[in-house]
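Working notes, structure below.
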Amino acid sequence: RMLDPGFYITEVRTASGTRAGYWGVGVSTPLVSGGFNLGGSLEEDQGSPGFGAVYLPAADTVHVKVGAQPLPAAAVGSAFGLQVRVLDANHNPLGSPVTGGTSAEFDQQLNPGFYVFEVRSAAGSPRATFQMELSNSAGFAGGVNAGGFLVPGLVGFGAFYLPSAQSASIVTYSLPHYDNVGASCVTLTLLDANRKVVATAP
């Protein structure tokens, strides 16, 4: 659909009656300007990561800022740690993971190409929610992807800015959690900057 210039949020939730699982959302559009935010939930103890995937049309520095909050029911008596790493198009890590407690922040100089920014909990950490901000100067060409782990009652999201009116295709994906019986389905809501619903699916 055509979207006006401005800020948008894609919110992904588990559908009514379904269980924890994995989600992804892809926003295909000519240019996402400046950067984007994403977030969701993290499994405990180095479980499956949350991620944001982007394409850089030119060499640029991407600023990465991640924050996490252990879920109250799981956090009692447990220390929490983050691990953040950058992968190239061949899934090769660029340097060692950046680590922190409930926050991590760094700059990554990158050549043109496709990259994945991946965040997960450190060993021994409880389940948590997270938010990651990716910002740069040139924008991300072709759209952005986000995904990770999701439990009922929490939301996964990707927030982005369009500098001009553009046609955008938004697709969501879901898979059941490995120890769950039955399907995990997700619902998608696209919101504008005033949190007005622009579209929903299915």
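If you check Ala58, Ala68, Ala53 for being small (Gly, Ala, Ser), within 17 Å of Thr102 (Cα to Cα) and in contact (Cβ under 8 Å) with a residue 60 or more places away in the chain, only one passes: Ala68.
Please go through the range 89-111 and give me each residue that is β-branched (Val, Ile, Thr) and in a strand (DSSP E or B), ordered by number.
Val98, Thr99
Would you say Ser135 is of a type in the set (S, T, N, Q) and either farther than 30 Å from Thr18 by Cβ or open to solvent by less than 30 Å² (accessible area, probe 1.4 Å) (or both)? Against the criterion (of a type in the set (S, T, N, Q) and either farther than 30 Å from Thr18 by Cβ or open to solvent by less than 30 Å² (accessible area, probe 1.4 Å) (or both)), Ser135 qualifies. Can you find a residue that is assigned to a strand (DSSP E or B), open to solvent by 10 Å² or more (accessible area, probe 1.4 Å) and among the small types (Gly, Ala, Ser) anywhere in the range 146-166? No, every residue in the range 146-166 fails to be assigned to a strand (DSSP E or B), open to solvent by 10 Å² or more (accessible area, probe 1.4 Å) and among the small types (Gly, Ala, Ser).
From the residues in the range 74-88 that are modelled with pLDDT of 65 or more and aliphatic (A, V, I, L, M), which one is most open to solvent (accessible area, probe 1.4 Å)?
Filtering first and then ranking leaves Ala79.
Report whether or not Gly158 is more than 23 Å from Ala53 (Cα to Cα) and modelled with pLDDT of 85 or more. Against the criterion (more than 23 Å from Ala53 (Cα to Cα) and modelled with pLDDT of 85 or more), Gly158 does not qualify.
Among the residues of the range 1-35, those identified as assigned to a strand (DSSP E or B) and open to solvent by 40 Å² or more (accessible area, probe 1.4 Å) are Met2, Phe7, Arg13, Tyr22, Ser28, Leu31. Screening the candidates Ser121, Ser169 for the property of being surrounded by fewer than 12 Cβ atoms within 10 Å (Cβ to Cβ) and touching a Lys or Arg at 6+ places or on another chain (Cβ under 9 Å) yields one hit, Ser169.
Across the range 36-59, the qualifying residues are those that are in a strand (DSSP E or B) and either among the hydroxyl-bearing types (Ser, Thr, Tyr) or surrounded by fewer than 17 Cβ atoms within 10 Å (Cβ to Cβ) (or both), and the one among them that is nearest to the chain's Cα centre (by Cα) is Ser41.
Rundown of residues vs (1) among the polar types (S, T, N, Q); (2) within 19 Å of Gly47 (Cα to Cα), yes/no style:
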| residue | (1), (2) |
| --- | --- |
| Pro70 | no, yes |
| Ala79 | no, yes |
| Val84 | no, yes |
| Gly95 | no, no |
| Asn136 | yes, no |
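The values are calculated or read from the model by the stated rules, or taken from the named source; none is laboratory data. Please read these numbers as outputs of a predicted model, since none were measured by experiment. Reconstructed Cβ throughout: ideal geometry from the backbone, glycine too, with neighbour counts over all protein chains shown. Ligands, DNA and RNA are excluded from the accessible area calculation, which covers all protein heavy atoms including side chains. Shrake-Rupley method; radii C 1.70, N 1.55, O 1.52, S 1.80 Å.
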